[in-house]
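Since the structure comes first, as structure tokens, the remarks are kept for the end.
The values are calculated or read from the model by the stated rules, or taken from the named source; none is laboratory data. Note that the coordinates shown come from a computational prediction; the quantities given were computed from them, not determined experimentally. Quick reminder, even Gly has a Cβ in these numbers, built from the backbone with ideal geometry, and neighbours come from all protein chains shown.
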Amino acid sequence: MTELKGRADTPVEFEEAPIDETEGLVIVSRSFGRQTWDRFRRHKLAILAGVVLLILTISFWVAPALSPYDFDEITPEFNQGPSLEHPFGTDDIGRDLLVRTFKAGQFSLLIALLVAVLTTVLGAVIGAVSGYFGGATDSFLSQVINLFLVVPSFIVLLVVAVKWGSNPTGIAVLLALLLWTSIARVVRGVVLQYKEQEFVLAARAAGAGSLRILWRHIIPNTFGPIIVNATSW
Amino acid sequence: MLGYTIRRVLTTIPLLLVATFLIFVLVSVSNDPRSRLAACGTCDESAFRRLEELYELDKPIPVRYFGWLSDVVAGDWGVALSINSIPVKDVVLERAKNTAIMAIPAFILIAGLAVVLGVYSAVRQYSTSDYVITGFSFLGISMPTFFFALLLQAVFVVWWQEWFGLKPFYVSGLHTESFGDLVSSLTLPVVTLTLVVVAGESRFMRASMLEVINSDYIRTAKAKGLSERTVIFRHALRNSLIPLVTIWALDFAFLMGGSVITETVFAWPGLGVLLVNSIFAQDLDLVMGVTMFIAVIVIVFNLIADILYGVLDPRIRYD
């Protein structure tokens, strides 16, 4: 409590040991990252989920390295059920499915991460701008969102698959381009609601510019749905 | 709000033009209807030329598009060559009806369950029931639709018959002979759709509800002595529904567009399967007809969601 004793505007009137009235009321300020970490640490299910994710991630890279088979190695045993040599069985040309599953896990994980980040950023920015600025901007962006929703992904995927084949980054970017629309709609709706509230008016009265209001005051309020969306891929 | 609605409806016209043009080009460059004849032993040069004439393959794609467009504007959607040359409009409306029979009950269940589960687990955050609901949501989000559909078929039809000697539900197809048949053929696909879609929606509801119940005006409402029920249902729910209304519109349009996997597993004659089949059959007029229909549904329901925002929260104004 040394910082309280040093306060110049607090006259110390008692000679005897002062009763610390602020005991238990002092809040040690913690950074946002620190608060998040502390909440995460106390949340048993979150820790469990984190550990499972970590184990899976490590095994996606370790298991193919330890496996006696290569992911594209063709063995004489084809179309086999699970056995000791092939715990997941083999496919129709005799490749070991265990090593193929874990190898595929690497790509799934990378693509999922990339898609989650890209859709979230693209969707949140377009949705927030559309909802906040309103008017012609909103009409235009809303119809752009509709455009991406109405062109069937299946047709786009067919054409792109023929033209560019399959490379993981390409797939992730393409999926992001096809999937950003729902979070954009959600963020737009929430921004429409928040931009009329008093704290935004207060921020504007205090002289904050549009970008600052969006970034500091409105976007943090849309984190709930954004996180739900980003974690569902 | 009326001005806004009119503006949105008017800006939909250029949107539909751009969208249909894009789809037309994508379908035209990705396949050639003449390739269908490659496998046909008895077809001669004349069949080849008939297809060329029908699809105007000697003309550039934009010219063909305007040909299609002027026919559609005149009310002629063309014929579905892959389904015995029935008019596209008849096929699409018939299939849309079948899809609606499945989509509407599923949507009502989804919407209701999402609110109940989302609110319940938000109000009792970190309780056992919240963990159970959260656990099942993640199960629903992570489980592939086809797997769940097949599991339901195995448990409720195949195994059920072994255990109890009766077959409670139809495994496949749409049966409309009696109301009982209809319900029986609907049950499994509707349950599949509901569980898969409600998982994500209840997460949105929970997140949004948590945001609202931790805000100042909810504390004020509680402080002035209102019952928990009143606070949650009169004050919090309405303010937390906006994300869910957005998702409802998107999901309803998705359900009405036909869920390909569920329709395939349950052999349901719906729009989703029709679209995929028409793409593989290179039936251009049918692809265009189905996508136009789905596009209009997407646009209409997103507009309804935008109007509902204003009803839920009158502070939201577009003008």
**Study point:** All positions within the range A:136-155 that are over 20 Å from B:Ile297 (Cα atoms) and either of a type in the set (A, V, I, L, M, F, W, C) or touching an Asp or Glu at 6+ places or on another chain (Cβ under 8 Å) (or both)
**Key:** A:Ala136
**Study point:** Meets criteria (outside any loop (DSSP other than H, G, I, E, B) and either at pLDDT below 80 or away from chain A (no Cβ under 14 Å) (or both)) for B:Leu22
**Key:** no
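Just to be sure I understand, how many residues within the range B:25-46 are in contact (Cβ under 8 Å) with a residue 24 or more places away in the chain, of a type outside the set (Asp, Glu) and more than 11 Å from chain A (Cβ to nearest Cβ)?
3
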Practice item. Would you be able to tell me the number of residues in the range B:131-157 that are free of Cβ contacts under 8 Å to residues at least 12 places away in the same chain and surrounded by 13 or more Cβ atoms within 10 Å (Cβ to Cβ)? Key: 1
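Here's the yes/no breakdown for (1) crowded, with 21+ Cβ neighbours inside 10 Å; (2) at pLDDT 85 or above; (3) over 26 Å from B:Ala305 (Cα atoms); (4) more than 7 Å from every other protein chain (Cβ to nearest Cβ):
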site	(1), (2), (3), (4)
A:Ala161	no, no, yes, yes
A:Pro168	no, no, yes, yes
A:Ala184	yes, yes, no, yes
A:Val191	yes, yes, no, yes
A:Trp215	no, yes, no, yes
A:Ile218	yes, yes, no, yes
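For the range B:120-145, which residues satisfy the criterion of being among the aliphatic types (A, V, I, L, M) and over 18 Å from A:Asn229 (Cα atoms)?
B:Val123, B:Val132, listed by residue number.
Pick from the range A:137-155 the residues that are at the interface with chain B (Cβ under 9 Å from one of its Cβ atoms) and over 26 Å from the mean Cα position of the chain (by Cα): which of them is surrounded by the fewest Cβ atoms within 10 Å (Cβ to Cβ)?
A:Phe140
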Practice item. Tally the residues that are touching a residue at least 60 places away in the same chain (Cβ under 8 Å), buried (at least 18 other Cβ atoms within 10 Å of the Cβ) and not small (Gly, Ala, Ser), restricting the search to the range A:93-125. Key: 5
Practice item. Enumerate the helices (runs of 4 or more DSSP H) found wholly within the range B:204-319, keeping only those where 1 or more residues are hydrophobic (A, V, I, L, M, F, W, C), under 21 Å from B:Val88 (Cα atoms) and within 12 Å of chain A (Cβ to nearest Cβ). Key: B:242-256, B:260-265, B:271-280, B:284-312
Study note, to complete from the structure: Residues in the range B:81-100 that are under 18 Å from B:Arg34 (Cβ atoms) and surrounded by 13 or more Cβ atoms within 10 Å (Cβ to Cβ) total 2
Point to revise | Pairs where the first residue, in the range B:88-103, is on the phi < 0 side of the Ramachandran plot and the second is aromatic (Phe, Trp, Tyr) and buried (at least 19 other Cβ atoms within 10 Å of the Cβ), C-beta under 7 Å, 6+ apart | key: B:Val88/B:Trp77; B:Lys89/B:Trp77; B:Val92/B:Phe293; B:Ala96/B:Phe293; B:Asn98/B:Trp268; B:Met102/B:Trp268
Review point. Could you list, in sequence order, the residues of the range B:175-201 that are surrounded by 14 or more Cβ atoms within 10 Å (Cβ to Cβ) and among the hydrophobic types (A, V, I, L, M, F, W, C)?
Key: B:Leu182, B:Val183, B:Leu186, B:Leu188, B:Val190, B:Val191, B:Leu193, B:Leu195, B:Val196, B:Val197, B:Val198, B:Ala199
Review point. Out of all the residues in the range A:199-209, is one or more surrounded by 15 or more Cβ atoms within 10 Å (Cβ to Cβ), in contact (Cβ under 8 Å) with a residue 60 or more places away in the chain and more than 10 Å from chain B (Cβ to nearest Cβ)?
Key: no
Check your understanding: When the range B:1-19 is examined, which residues are found to be more than 14 Å from B:Val300 (Cβ to Cβ), assigned to a helix (DSSP H, G or I) and more than 10 Å from chain A (Cβ to nearest Cβ)?
Key -> B:Leu2, B:Gly3, B:Ile6, B:Leu17
Practice item. Might you let me know whether the range B:27-40 holds any residue that is assigned to a helix (DSSP H, G or I), exposed (fewer than 14 other Cβ atoms within 10 Å of the Cβ) and among the β-branched types (Val, Ile, Thr)? Key: yes
